[in-house]
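A short write-up of the structure that comes next.
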Amino acid sequence: MSYQEFVRNSLARQRYWARNFVGWPRFSSFLPNQSHLALAKWEKHGSLDCVVTQNVDELHRKAGSQHVIELHGSGHRVMCLSCDMLMPRNQLQDMFAVANPTWSLSDMNTSIQVAPDGDVLLSEEMVKNFKVPPCPNCGGVLKPDVVFFGENVPTKLVDHIYGLVEASDSLLVAGSSLQVYSGYRFVAKAKQGKSKRIAIINIGHTRADDIADLKIEARCGEVLSRIQV
């Protein structure tokens, strides 16, 4: 869904939140994998300064990483478009349950497929009666604290990451094709002046293959978990 559609179309918001409500229990229960745990270990040992992630699942934080920058936000937070209030996504789940007492998640199909952002597929018949509560602070529209299509990553955040890249001596790209410019630009920045070493671990072609100093075609967890720091 685009940012413009979410903001302008109340029916689109209703559909989004109904699907997100159903998918949230599974999405929020996901656990970190070998890659997340390895990077957290590197940070603890002083070998990694920062993780910049395009994912919104907070798995790096669950793994124990402390210095994590969520480039596209977090699905575990909700914001108000009017007063900028932030609240935990779990709190909104409770609000949904109160506003929709006839919706029983335990009765729904447990085999339902959940997308990386917590989205699921529901029929229009199910969605039409779903109630979306307003911001408890000002009555405004609530939105997940994630960057939607058509929405820009905040300039201050981009500049902050540029500063971290400038201060680093190397950059590791793990599990990304870098096809989205919001991530690729930091790799391109690191290559300016040829002062930073760039390593990529990914299965398949990436946008930065031609500027990387090292490219490993393998699963991230299998590689990162074997590196001693």
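Observations on the structure shown:
- Among P101, M126, P136 the positive-end extreme of the charge dipole of the range 1-151 (Cβ point charges): P101
- Amide H partners (placed H, <5 Å) of V78, local residues excluded: M87, R89, D145
- Rotationally averaged projected area of the range 1-131 (alpha carbon convex hull; nm²): 9.1
- Translational diffusion of the range 127-188, estimated by Stokes-Einstein from the Kirkwood radius over alpha carbon pairs at 4 °C in a medium of 1.567 mPa s, is 85 µm² per second.
- Cysteines in the chain lacking a second Cys C-beta under 4.7 Å: C50, C220
- Summed over the residues of the range 4-89 and divided among them, the accessible surface reaches 48 Å² per residue at a probe radius of 1.4 Å.
- Start at zero, step by 5 Å, and the Cα-Cα distances of the range 124-229 spread as 2, 10, 15, 15, 15, 12, 7, 7, 8, 7, 2, 0 percent across the bins.
- Most mobile of H72, H205, H36 in a GNM of the chain (Cα contacts under 10 Å): H205
- About the Cα centre, charge dipole magnitude for the chain (Lys/Arg +1, Asp/Glu -1 at Cβ), debye: 160
- Labels on offer are (1) 1.06; (2) 1.45; (3) 1.01, and the one holding Rg/Rh (Cα atoms, Kirkwood Rh) computed from this structure is (3).
The values are calculated or read from the model by the stated rules, or taken from the named source; none is laboratory data. Because the structure is predicted, anything quoted here is derived from the model rather than measured. Please note: Cβ atoms are built from the backbone with ideal geometry, for glycine as well, and neighbour counts cover all protein chains shown. Protein only, heavy atoms only, side chains kept; ligands, DNA and RNA dropped before computing areas. Shrake-Rupley method; radii C 1.70, N 1.55, O 1.52, S 1.80 Å.
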